[in-house]
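Below you'll find the structure, written out as structure tokens, and then a few comments.
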Amino acid sequence: MNPWLLAGLMFVTWCPSSWSADFSEAQKLFYRGEYEKCAAACSEEVETGIWNDSWYRLLIKCHLTTGKYADAKVVYDRAAAKFNSSIPLILQGADVYRFNNEPVKAKGLLAQIPALVQTQPWRFSDRENMVALGRYFLSIGEDAREVLDIFYDRTLKVDPKFVEAHVATAELALDKADYAEAVKSLKKAVEIEPNDPRTHYLLAVAWAASDVQQTSASLAKAGELNPYMPELYLFQAENLIDGEQYAAAEEALEKVIVINPAHPECWALRAVIAHLRGQYEKEGEFRLKGLEVWKLNPLVDHVIGKKLSRHYRFTDGVRYQRQALRMDPKYVPARFQLAQDLLRIGEEDEGWTIVDQVASEDKYNVEAFNLRTLQNRLRQFTSIEAPGFIIRMDAREAQIYGRRVAALLSRAREALCKKYEMEIKEPVAVEIFPQQSDFAIRTFGLPGGAGFLGVCFGKLITANSPASQGESPSNWESVLWHEFCHVVTLQKTNNRMPRWLSEGISVYEELQADTTWGQSMTPTYRQMILGEDFFPLSKLSSAFLKPKSGMHLQFAYFESYLAVKYLVEKHGATRLNRLLVDLGIGMPIDEALVRSFGALGALDSDFEKYAKQAAESLAPQADFTTKELPEKASLAGIDAWVQENPKNFYGLKLLARRQIESEKWSDALVTLKRLQELHPLDKEPGNVYEMLARVYRELKDTPREFASLQKLAEMSSDSVPCFQRLIAMFESQKEWEQVARYAGRLLAVQPLISTGHQALSAASQELNQPADAIPAIESLLALEPLDTARLHYKLAELSAKVKQPSKARREVLLALEESPRYRIAQKLLVELVKQSTEKTVQRVAAPNDQGKPPEPTRTARDSKPKQ
């Protein structure tokens, strides 16, 4: 940015623009979406020859909004002859020329701005020109923070109630993914001018990443103020496309076409819908329609590519972003989206290079800054290579359980690729993050994403490690199995499968691999299926679109699983595989479902019956109502309520919990037995078997505690206390195979504590399986225990057993380094040296190829001459 130019602007007198009452009324017409009336009012003033460019600009705005681009050009040319010192008008003129397919004129117009300002800087010191100059400098790539400080903040210091400065600040923040700053600025704008629908719409955009209710409220307000605002219907259409509600999205886009038949973004979204429906000729037609008024508009291809990437069509997304950049190589949104897409398809060198360039050029770009910071952390990760995989983990975590990750993924690859008859594109990158924020940035570009354990992009899996999940981590083995199943099905369908089918198959395959993984029917899901939260099979992807709560999102996964289970049980796995093949060749999902499973109406009806039967079969004698549940009552009050409602599941559970809290173990046991009879398949956290184990332990009834724990272990994949207690009980009974089994189950949840590794090491040694004990001890060493000398010695001893003498010597030396007087380590070292010497002697004495001993080695003494 030219320092001399800025200096000129800093010391001029402010001259805020004056606004007449008539202009304010015209602007209100625009706010309400009465564009024709607003244009008529502006035209009337323009024809009088009024010396105020605001009327001309509002008239041009009406024409641009309604797609009357030629009329906008006529008005601009007339205005430009009168108002040659209006930067807002020049910026608007550039848009007018672009949308009349005259990009060279638009570029020339913008090129005049620096010379104009340098010649007479005081003429551009009013608030409107200052904000417009800020927008101009942003458009040519100047530093965003400087623009914010020099133009927007400075304007607001002089006139804190200038709405356009607040809006410009918010638009800049939104462009840089700084949503908190955008909300802050827009709230101020709304306070000053509550009737401008644009500020409410922008608030909805700012809230969209974090707050569904605020987003909906802002959209509703914007629509109330202006039901003819194109941006509202574009926003609605994008969300409907994400929910795979293509017909409804087209209805929203038709409303845009009524307002502006040539709206480029509208036609771009229609091209997206056509692509997702497999209508590729229409996709091309709609794209050309979007480029009709401005043939080099990079926004069209950028929007198409970005939305396709939202549907995991990353290769298509890359193609469209490259097309956008051929139109405008400096178009930052396309550059950054290209970088993200490249990172997701494994083209990491180019992807990270672009991220670095964008972050260097634009220090206010939050997403680029986050990704570049993450890249530096990823460089510190350890890479583990396994057949078909590159696994990147924190170096310490890789030492602790990296081998188990590789083994799990190898098993998944063997099982799922065979089942789905698929040779996947390899290698698949798997990145496991010890910090949830890093996972979110790698996955979504921004912090957030709480509740997501893993995400698959086709050739890339990102996952949270147990370290990122606090005291109650999920089973990481089930997460990786789930995500690798996505790799198989996404690649088989060329990323052309609806979300419900993708998620449903992955949850289904979790349960096929391990009955404790995945999800199962619960009282909550039962209520949701029998209530108003059930979705027809053909509309299931909508369940993932703006779920009401975290529970509703979990239910979307469960219902999707139930749908896949229904398809397999009723129609067979062969038809499910055929469905994936049809999707892979581009057949739309509705057509593919009909081809494999019959008419959609019948399919929806049959699935609904299946789901409701499954729900009703869950503890049919139980009462699952929660109305009037006496949660705040005393123990006696709860007991009395349960007497009146003896089959109420939640009442019995509440009573049992209160009895346990009051240490009334015998009473709790009676309640829990009633609960067990009522619902013996309770798998939810805090279930009947968890409580029974606690009660029996307090009552010193070890056999029944043991039985309850085993029942709990049959149902839970991540109950760390249960697995720890079973390990201890089996160790006391010296049942080493069971110790090893539950050690493995514990490590599948929490490998970052020593319990599982210690148990596995002990069991493997007792079972004379040194090859299994060695990695367990190595994991213990990575956990930095106090007794490292003993562990190194044990590793040396076991390495010697499995004929790894070099490793044995190294480990015994490490033991002696820690504890030089460690007598048994000294003895082992002597023994290892002795064995090594004996082997050397044996090798020297070994017969040669002819079966004869080798000739003795001659020495100098042997060489002396004979007498």
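Just a few scattered comments:
- Taking every residue in the range 674-685 that is under 15 Å from residue 617 (Cβ atoms) and pairing it with any residue that is of a type in the set (Phe, Trp, Tyr), at least 6 positions away or on another chain, the pairs with Cβ-Cβ distances below 7 Å are 678/649; 679/649.
- Condition check for residue 112: of a type outside the set (A, V, I, L, M), farther than 28 Å from residue 206 by Cα, open to solvent by 10 Å² or more (accessible area, probe 1.4 Å) and touching a residue at least 24 places away in the same chain (Cβ under 8 Å): no
- Yes/no for residue 273 being crowded, with 18+ Cβ neighbours inside 10 Å and at pLDDT below 95: no
- Residues of the range 218-246 satisfying the condition of being open to solvent by 60 Å² or more (accessible area, probe 1.4 Å) and over 23 Å from the mean Cα position of the chain (by Cα): 220, 221, 224, 228, 231
- Residue within the range 619-633 that is part of a helix (DSSP H, G or I) and either touching a residue at least 12 places away in the same chain (Cβ under 8 Å) or surrounded by fewer than 17 Cβ atoms within 10 Å (Cβ to Cβ) (or both) present: no
- Qualifying positions in the range 711-742 - outside any loop (DSSP other than H, G, I, E, B), in contact (Cβ under 8 Å) with a residue 24 or more places away in the chain and over 24 Å from residue 685 (Cβ atoms): 731, 736, 737, 739, 740
- Sole residue being on the phi > 0 side of the Ramachandran plot and either charged (D, E, K, R) or open to solvent by 10 Å² or more (accessible area, probe 1.4 Å) (or both), chosen from 458, 445, 470: 470
- Matching residues in the range 27-85 - criterion: being among the aliphatic types (A, V, I, L, M) and open to solvent by 50 Å² or more (accessible area, probe 1.4 Å): 40, 70, 74, 81
- Answer from 560, 541, 596 - the residue that is within 23 Å of residue 418 (Cβ to Cβ) and of a type in the set (Gly, Ala, Ser): 596
- The range 753-768, subset farther than 19 Å from residue 396 by Cβ, open to solvent by 50 Å² or more (accessible area, probe 1.4 Å) and among the polar types (S, T, N, Q), residue nearest to the chain's Cα centre (by Cα): 765
- Residue-level check: of (1) within 22 Å of residue 209 (Cα to Cα); (2) in contact (Cβ under 8 Å) with a residue 24 or more places away in the chain, residue 547 misses just (2).
- Residue 124 buried (at least 21 other Cβ atoms within 10 Å of the Cβ), within 30 Å of residue 184 (Cα to Cα) and modelled with pLDDT under 90: yes
- A single member of 745, 704 is in a helix (DSSP H, G or I), open to solvent by 50 Å² or more (accessible area, probe 1.4 Å) and at pLDDT 95 or above, and it is 704.
- Residue selected from the range 176-197 under the condition of a type in the set (D, E, K, R) and free of Cβ contacts under 8 Å to residues at least 40 places away in the same chain, by the criterion nearest to residue 223 (Cα to Cα): 193
- Within the range 382-428, the set of residues being touching an Asp or Glu at 6+ places or on another chain (Cβ under 6 Å) and of a type in the set (A, V, I, L, M, F, W, C) comprises 408 only.
- Pick from the range 634-653, criterion within 39 Å of the chain's Cα centre (by Cα) and without any contact (Cβ under 8 Å) to a residue 40 or more places away in the chain, ranking: surrounded by the fewest Cβ atoms within 10 Å (Cβ to Cβ): 648
- Qualifying residue in the range 541-554 (condition: among the hydrophobic types (A, V, I, L, M, F, W, C), modelled with pLDDT of 95 or more and crowded, with 21+ Cβ neighbours inside 10 Å): no
- Check on residue 483, open to solvent by less than 20 Å² (accessible area, probe 1.4 Å), among the charged types (D, E, K, R), at pLDDT 95 or above and touching a helix residue (DSSP H, G or I) at 6+ places or on another chain (Cβ under 6 Å): no
The values are calculated or read from the model by the stated rules, or taken from the named source; none is laboratory data. None of these values were measured; they are calculated from a predicted model. Cβ coordinates were reconstructed from backbone atoms using ideal geometry, including for glycine residues, and neighbour counts include every protein chain displayed. These area figures cover heavy atoms from the full protein model, side chains too; ligands, DNA and RNA do not enter into them. Shrake-Rupley method; radii C 1.70, N 1.55, O 1.52, S 1.80 Å.
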